[in-house]
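No lab work stands behind these numbers, since they all come straight from the coordinates. Keep in mind that this is a model prediction, so the values were computed, not measured. Methodologically, a virtual Cβ is constructed for each residue, glycine included, from the backbone with ideal geometry; neighbour enumeration extends over all protein chains shown.
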Amino acid sequence: MNIGMSTSVVQRGKTGVGQYVFALVTALSRQLNRHELTLFVLEEDVALFNSLRESATIVPISEQFRPPVKDILWHQTILPSLARAHRLDVLHVPSYRRMLWPRPCALVTTIHDLAPFHVAGKYDWKRMIYGRVVARRLAHRQDKIIAVSQNTADDVVRFFKLPAKKVAVVHNGLDHTRFFPDSSAVAQEFIRQRYKLHQPFFLYVARLEHPGKNHVRLIEAFNRFKVETRSDWQLVFGGSDWHGAKAIHAAIGQSPFRSDIRCLGFVADDALPKLYRAASVFVHPSLFEGFGFPPLEAMACGCPVLCSTRGALGEIVGPAAATVDPEDVTALTRQLIAIASVPDLRTTLREAGLARARYFDWQRAAAQTLEVYTAALKAEPAPSSIGVEPQAIKD
């Protein structure tokens, strides 16, 4: 089987979708056997895939197609010809905004979430319309759709009006060579040196996006936490500015505890696991996620997690995290106070999180993805072994 994958959505590796692509193609490269893998990569991203040169064919794509609109047009007009030229059997596009209308071969796409149907104002109006209207029509042209959670699969069936047999649930994995428990003391010293963080801190790793990531309510809850506890704990945000970031910075500026709220910007790969290990508690109050990498990464590093259950988050973290309604600031405040003041609770959550994180493995995800490719070629329902009901994920 000759498999092709478009990688133009990696955004230089600074997004969850980018991490998905890198991790999946790396895992696939170890399981190809008689299969061949062809990657279509924007020129300035080619170096990011250097480790795959011996196991995959890398086809450079002109940088003129990096802007979103031009990239979408490239997918519809040029990529189909490339698929035919490279004699692909299956073409995998890992983003629903880039799904193809032409069908040069069997088509597979990954849908990470259908946030435009859940969070008003998450994107500008053009992207909201594209996600709600255009993508729905494109989805019907695909042979198989991979959903990264059962929650997302249910949304695809509901909002795109697709038959359930066309959708396979393949949970994302984790890179356990990066995210694993290690000395918190060593990590804390590293973080003190790099970021000048000297106090216990709540950590939230997500792009600074408003309202979707819910930073503003977390800031309000943190303000109340500080008033009620008079503690020296800090609140730390790791992530680049995104849509609506001005509202988040304004909320920080208006906080009476703004000196205890830190924005680190994008956190480099070498620092992220150490940041998780150094944090006292990881907080993820997002209003909606189709999967949710950061809570799992934190769990795998031994950091206790307080998490929203919106979207797929409840499915993914299960009983291994403290949970909260992300729109209830009072409840969020109470949880911050409880988890900060009860060391035994943090220990319990840490142990449960480590067990939970072990389930999520990229080699498992790659094997299941190969099954989806085979099913797409045969135009038959994906094997029933793919995907696991949330209740079946064992801790």
Karplus-derived HN-Hα couplings along segment 149-160 (A = 6.51, B = -1.76, C = 1.60, θ = phi - 60°), whole Hz, x at Gly and Pro:
7, 5, 4, 5, 4, 4, 5, 4, 5, 6, 8, 9
Under 5 Å between amide H atoms, partner at least 5 residues away or on a different chain: which partners does ILE58 have, H built in plane at 1.01 Å?
LEU39
Report, for the chain, the % of DSSP beta bridges that are antiparallel, rounded to 5.
0
For segment 180-188, Karplus-derived ³J(HN,Hα) couplings (6.51, -1.76, 1.60; θ = phi - 60°; whole Hz; x for glycine and proline) come out as 8, x, 8, 4, 5, 5, 5, 5, 5
Which angle between 0 and 90 degrees, to the nearest 10, do you get for helix 343-357 versus the longest principal axis of the chain when only C-alpha atoms count?
10
Before anything else, pin down the relative contact order of the chain: Cα pairs under 8 Å, at least 6 apart, normalised by residue count, whole percent.
16
Segment 184-357: relative contact order from alpha carbon pairs under 8 Å, six or more residues apart, as a whole percent, is 24
Pseudo-spin-label distance ARG141 to LEU377, built 7 Å along Cα→Cβ, given in nm, is 2.3
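Rounded, prolate or oblate, given the Cα gyration tensor of segment 146-218, with a/c below 1.5 counting as rounded?
On the way: a/c = 4.91, a/b = 1.98, b/c = 2.48.
Cα axes put segment 146-218 in the oblate bin.
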How would you rank 294-306, 48-60, highest first, on the average number of other Cβ atoms within 10 Å across their residues?
294-306, 48-60
With volume of the Cα convex hull per residue in Å³ as the read-out, I listed [x] 155; [y] 132; [z] 147; which label goes with the value calculated from this structure?
[y]
Apply the Karplus parameterisation 6.51 cos²θ - 1.76 cosθ + 1.60, with θ equal to phi minus 60°, to every residue of segment 238-252 and state each ³J(HN,Hα) to the nearest whole Hz, in sequence, with x for glycine and proline.
x, x, 7, 4, 9, 4, x, 4, 4, 5, 5, 5, 5, 5, 5
Alpha carbon centroid spacing (whole Å) that separates segment 221-241 from segment 86-114:
42
If one compares the long axis through the Cα atoms of helix 215-229 with the longest principal axis of the Cα atoms of the chain, the angle in degrees, nearest 10, works out at 20
How many nm is it between the label spots at SER55 and ILE78, if each spot is 7 Å from the Cα in line with the beta carbon?
2.8
Can you compute the helix-only [θ] at 222 nm over the chain? Use -39500 (n - 2.57) per DSSP H run of at least 4 residues, normalise by all residues, nearest 500 deg cm²/dmol.
-11500 deg cm²/dmol
From the cross-link list LYS70/LYS274; LYS196/LYS246; LYS144/LYS274; LYS144/LYS213; LYS70/LYS165, the entries with a Cα-Cα span beyond 27 Å are LYS70/LYS274; LYS144/LYS274; LYS144/LYS213; LYS70/LYS165
Report the percentage of all Cα-Cα pairs in segment 184-357 whose separation exceeds 26 Å, rounded to a whole percent.
19
